[in-house]
Structures are given as structure tokens and as C-alpha cells.
Amino acid sequence: MLFSSSAIGQNKSTSCYVQIINKDTVYRNVDKPPVPKEGYNSLFSIIKNNSVIDNESIEKLGISDVSILFEFIINAKGSIISCSIVEKNEFIQLNDIILNEMMKIEWKPGECDQIKVNSAILLPVNFRI
């Protein structure tokens with residue numbers, strides 16, 4: 001399983017994009033993206049323990065990797081406001097509790113102009129077969 005931490009990029013010049021989501025101001029493309037306090041391995045462990053890959057079908061079709069794309073909205077204090085699955089390959093089955101488990105992860109908040117802000121990141125997770 002590959003875990004990509006290529007959250008929306010960092011720039012030296014501020015290019016933060018503000019969006020209103022559920023009455024909250026949320027920044028995208030922040031200068032410093034949020035990261036899990038315990039590192040990405042904490043998320044990796046939750047995903048690994050709550051997913052099943054249909055290896056047989058993947059092998060028959062000759063597919064070499066499958067992926068999931070998560071979106072996290074992290075508040076300025078480092079708590080998750082929301083976590084959702086944006087895209088998921090049909091060969092990946094997830095336990096119903098996976099998003100609830102992810103909501104428990106504490107984060108270092110994202111920053112825009114050196115100020116901690118509510119921020120949204122997209123997090124791709126790739127499984128190589």
C-alpha cells in the first residue's frame with residue numbers, strides 16, 4: 001500500500017483560496033498543509049485495518065494499482081471538521097467505521113500567512129498489487 005502525502009501544494013507566495021463550507025471559512029491551497037500529529041502512519045493503519053482489496057478480480061483484469069481519494073477539513077485547532085471519500089476504486093471495500101475512526105486523529109493545523117486556519121486537503125491513498 002502506498003500512502004501519498006501530496007496534499008494540496010505549498011507555495012512561498014500566498015495563494016490560499018477561501019471557501020465557505022457548512023458556514024465555516026475553509027482555506028484550500030494553504031501555505032503549510034495540516035498533518036496528523038502522530039504522522040501519516042496513524043491514518044495508514046486505520047485504512048489498512050478497515051479495507052479489503054479484491055485481489056482476485058484485480059489480477060484477472062491485469063490492474064496493478066487501485067486508489068481512494070479522501071478529503072479532510074481540519075479546523076484551526078487541529079480537529080477534523082469532516083472527512084469524506086471523494087473517489088474510490090470499485091475493487092476496494094471499506095468498513096463502515098473507517099470515517100469514524102479517522103475523525104479521531106488529531107492534526108497540526110494548516111497555515112496561511114503563518115496563521116492557523118481551517119483548511120481542506122485531498123489525500124490520495126494508492127494500493128499497489
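The values are calculated or read from the model by the stated rules, or taken from the named source; none is laboratory data. Values in this document were obtained by computation on a predicted structure and should not be read as measured data. As a convention, Cβ positions derive from the backbone with ideal geometry for all residues, glycine included, and neighbour counts pool all protein chains shown. Please note that ligands, DNA and RNA were not included when accessible areas were found on the heavy atoms of the full protein model with its side chains. Shrake-Rupley method; radii C 1.70, N 1.55, O 1.52, S 1.80 Å.
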Next item on the list: Can you give me the three principal axis dimensions of the chain from its C-alpha atoms, in Å, biggest first?
Entry: 49, 28, 26
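Pairs Lys60/Lys108; Lys37/Lys60; Lys48/Lys77; Lys32/Lys60: which exceed 30 Å Cα-Cα? It would help to have the intermediate numbers written out before the result.
Numbers: Lys60/Lys108 42 Å; Lys37/Lys60 39 Å; Lys48/Lys77 27 Å; Lys32/Lys60 42 Å.
Over 30 Å Cα-Cα: Lys60/Lys108; Lys37/Lys60; Lys32/Lys60.
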Next item on the list: Could you state the angle between the C-alpha long axis of helix 40-49 and the longest principal axis of the C-alpha atoms of the chain, as a value from 0 to 90 degrees rounded to the nearest 10?
Entry: 30
Checklist line | the chain: most fluctuating residue of Lys32, Lys48, Lys60 per GNM, C-alpha cutoff 10 Å | finding: Lys60
Notebook entry, point to check: Charges only on Cβ, +1 for Lys and Arg, -1 for Asp and Glu: so what's the dipole of the chain about the Cα centre, in debye to the nearest 20?
Noted result: 480
Item checked: Solvent-accessible area per residue for the stretch 6-95 (1.4 angstrom probe, square angstrom) -> 60
